[in-house]
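Everything on this sheet refers to the single structure shown next.
The values are calculated or read from the model by the stated rules, or taken from the named source; none is laboratory data. All values reported here derive from a predicted model rather than from experimental measurement. Neighbour counts are summed over all protein chains in view; Cβ atoms, including those assigned to glycine, are modelled from backbone coordinates with ideal geometry. What goes into the accessible areas is simple: the full protein's heavy atoms, side chains included, and nothing from ligands, DNA or RNA. Shrake-Rupley method; radii C 1.70, N 1.55, O 1.52, S 1.80 Å.
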Amino acid sequence: MSDSRQQGRKPRADVLRNRAALLEAAQRHFLKYGIGTSLEAVAKEAGVGPGTLYRHFPTREALLAAVLQTRTKELAARRADIAQLEDASEALRQWLRAMEEYFSAFSGLPEPLMVAARAQDPGNPLTVPCAALIATTDEYVRAAQLAGHVRPSVQGYDLFLAAVSVAWVKGTGATDDVSLDRLRALVESGYRERDDAA
């Protein structure tokens, strides 16, 4: 069989089943134990061997990126709701909160996201989703800047990092909702124009 015919073939049903089972098991483990969970335990729960897991997902980051991809529907739905808002400042605020919740999905998630965003390593599977989130954040920032609500020097990358940082603090469990609201207010006061901070 030619290479072109082989490349055009659909994956076998058992391959698709194994991938789906791995993603479901990984999501359960990430939710329960955080992203540092044992990958061998993930494979065992999925009913496959470690070799099968690593054929599908060569690194922990690859598995994490694939699991996050399955959770992007919720974020996309939030973005669709935010798109209905006429107030650019409120749209940016709600987008930052949506990202914060997304980054809080699993214990330990903010750290590898910050690494991927900073390094911009094309070999890191988390780089592309981070770049997409930063670009979207930049769109909200620019719209709010045009409306006079956000300082001209602020960039989407800055507020992406701010949302990741709030999610990290939230994930430590060392603070309560009141403290988190104060932290969010501090972040907001830092990016807003001074005459818009009231």
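Tabulated values for the structure
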| item | result |
| --- | --- |
| Number of the exception - Lys10 against (1) at pLDDT below 95; (2) part of a helix (DSSP H, G or I) | (2) |
| Single residue of Leu159, Leu92, Leu146, Leu96 found to be of a type outside the set (Asp, Glu), modelled with pLDDT of 95 or more and open to solvent by 60 Å² or more (accessible area, probe 1.4 Å) | Leu146 |
| Arg182 over 19 Å from Arg79 (Cβ atoms) and buried (at least 17 other Cβ atoms within 10 Å of the Cβ) | no |
| In segment 162-174, the residues that are open to solvent by 50 Å² or more (accessible area, probe 1.4 Å) and without any contact (Cβ under 8 Å) to a residue 24 or more places away in the chain | Thr172, Gly173, Ala174 |
| Subset of segment 70-88 (residues that are open to solvent by 50 Å² or more (accessible area, probe 1.4 Å) and among the polar types (S, T, N, Q)) | Thr70, Gln84 |
| Candidate set from segment 112-139 (those that are farther than 20 Å from Pro58 by Cβ and of a type in the set (D, E, K, R)); member that is surrounded by the most Cβ atoms within 10 Å (Cβ to Cβ) | Asp138 |
